Amino acid sequence: MSKTKIGILGLGTVGSGVFKTLKNFSDIEVVKISVKNINKPRNIDGLDKSLLTANSEEIINNSEIDVIVELMGGVNPAYELIKKALENGKHIVTANKELLAKHGEELFKIAEEHNRVILYEAAIAGGIPLIMPIKTILAGNKINKIHAILNGTTNYILTKMDNDGVSYEEVLKEAQELGYAETDPTGDVEGFDAAYKITTLATIAFNKRVKIENVYREGITKIRKEDMAKANELGYKIKLIATATINDKNEADVRVHPMLISKNANLAHINYVTNAIEITGNPVGTVVLSGAGAGEFPTASSVVGDILAINSELNKNDYILPMMRCRHEENAIPVNINDTFNKYYISITAPNAIGIIAKIGTICANKNISLSSILQKEVFKNKTADITVITEKCQEKLIKEVVNELNDCTVNSLIRVAE
Ligand code: HSE
């Protein structure tokens, strides 16, 4: 039996999991693995040092290799390497969400030109089967909405803030000590990671290309423990939500930002590092997929699934895995965040003056914004009062005007509320 030959770029956590998992498959042979430092001690059973190289070019130019598994992350040098590997006739399996979000369009085009595939099940929500189900089992649907928790680090931080009543800074420090958050946490806490993931996810779910520069993004660093407490009191949880909707005119509203979500909603129950994706389509209705969004073996599960999908078709047909290919011709039409309609939670610290609540009501009423709830408990000794407002659905542009006009109050937080 001839074996399918694999070259792996990167032997970090995911690479190690893939190497270990592939040992269970006698028809797959790992021919070479590129690493930054060949001499770094690695405790991986069956890993012969002769498999390692510091030269990734050697792997992509190796004519024996059928499939390149890219697990380096980041755009450089992964972008150039994958491009060359496709030109050299290799199929690609990657977990690189940033690369796909920024250069997916070009790379998929090159893949088509060379009759090769790029599979990326592990790039979005790690171990959760998502891309393959959307492209195959759900192919008969018009998917028009995705609501998801796609970043484990931020979900861990928000869950801890909620459970323990502590601040963002305190939880971040602890999460860094435990290895749940990186030393530079920007990519996760500012929403970049989730934005990369929802860009590609929305593109394949809607069958229209979504561009990363049109994805609105806000992170979790401004969420206060007081917002968590208040949200709870009002029947909500606060989560970093990646959302994408598309209408009949192909206008796609794709974003990542914190949201208050009802305690009864599916995503309210997704805690710590778990990811979940709620997909709504016709005729399927709403389905929810949840599980580990990162980690050595969950992510390896998705990478190995992709390798096996390619392996099962290799040498059988001229054109393999047609349903798994990306051949989008059309771009989605972007929607500006200022033109979107949302419900809002507003936390206000107001001077204890007569008529303040009436003033807030009037400013909103003048813009035709209806209030769903308004809460003021007591006046503090320093003669201020905390007022929490939840609005009905209104235009983002108008709520920003409201915030500007509340100039004799301090607006502590403005957070969108899921319907
Ligand atoms: N940094 C990601 C997260 C995992 O925290 O979910 C890899 O995509």
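The values are calculated or read from the model by the stated rules, or taken from the named source; none is laboratory data. Every value quoted in this text rests on a predicted model; they were computed, and no experiment measured them. Neighbour counts run over all protein chains shown; Cβ positions are idealised from the backbone, glycine included.
Scan segment 100-154 residue by residue and report those that are of a type in the set (Phe, Trp, Tyr) and under 17 Å from the mean Cα position of the chain (by Cα).
Here is the first cut: in segment 100-154, the residues of a type in the set (Phe, Trp, Tyr) are 108, 120.
Listed by number, the list holds a single entry, Tyr120.
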Thr243: passes all of (1) in contact with a helix residue (DSSP H, G or I) (Cβ under 7 Å, 6 or more places away or on another chain); (2) within 30 Å of Glu105 (Cβ to Cβ) but (1)
Checking Tyr120, Tyr156 in turn, the sole residue that is at negative phi, out of contact with any Phe, Trp or Tyr (no Cβ under 7 Å at 6 or more places or on another chain), of a type in the set (Phe, Trp, Tyr) and within 16 Å of the ligand (Cβ to nearest atom) turns out to be Tyr120
Exactly one of Thr199, Thr186, Thr203 is farther than 28 Å from Leu119 by Cβ, in the same structural domain as Gly281 (by TED's automatic domain parsing) and more than 10 Å from the ligand (Cβ to nearest atom), and that one is Thr186
In segment 185-223, anything over 18 Å from Ala276 (Cα atoms), among the β-branched types (Val, Ile, Thr) and without any contact (Cβ under 8 Å) to a residue 40 or more places away in the chain is listed as Thr186
Taking segment 44-64 and keeping residues more than 31 Å from the chain's Cα centre (by Cα) and assigned to a loop (DSSP other than H, G, I, E, B) leaves Asp45, Gly46, Leu47, Asp48, Asn61, Asn62, Ser63, Glu64
When restricted to Ala332, Ala268, Ala300, Ala244, the only residue farther than 23 Å from Asn141 by Cα, touching a residue at least 24 places away in the same chain (Cβ under 8 Å), of a type in the set (A, V, I, L, M) and not assigned by TED's automatic domain parsing to the domain that holds Gly104 is Ala268
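Return a yes/no flag: does segment 242-257 have any residue that is within 30 Å of Ala385 (Cβ to Cβ) and within 13 Å of the chain's Cα centre (by Cα).
Checked segment 242-257: at least one residue is within 30 Å of Ala385 (Cβ to Cβ) and within 13 Å of the chain's Cα centre (by Cα).
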For segment 216-227 the number of residues that are within 16 Å of the ligand (Cβ to nearest atom) and either buried (at least 20 other Cβ atoms within 10 Å of the Cβ) or over 14 Å from the mean Cα position of the chain (by Cα) (or both) is 3
Over segment 312-340, the set of residues in a helix (DSSP H, G or I) and among the aliphatic types (A, V, I, L, M) is Met323, Met324, Ile337
When you check Gly165 against the structure, is it farther than 27 Å from Val75 by Cα, at pLDDT 95 or above and not basic (Lys, Arg), yes or no? yes
For Lys343, the lone unmet condition from (1) assigned to a strand (DSSP E or B); (2) under 30 Å from Glu113 (Cα atoms) is (2)
Of (1) touching a Phe, Trp or Tyr at 6+ places or on another chain (Cβ under 9 Å); (2) within 12 Å of the ligand (Cβ to nearest atom); (3) at pLDDT 95 or above, Tyr180 fails just (3)
Screening Leu371, Leu406 for residues that are of a type outside the set (Phe, Trp, Tyr), in contact with a Cys (Cβ under 8 Å, 6 or more places away or on another chain) and modelled with pLDDT of 95 or more leaves only Leu371
Condition set of a type in the set (Lys, Arg) and surrounded by fewer than 17 Cβ atoms within 10 Å (Cβ to Cβ), scope segment 244-276, selection farthest from Ala294 (Cα to Cα): answer is Lys249
The number of residues in segment 65-102 that are touching a residue at least 40 places away in the same chain (Cβ under 8 Å) and assigned to a helix (DSSP H, G or I) is 7
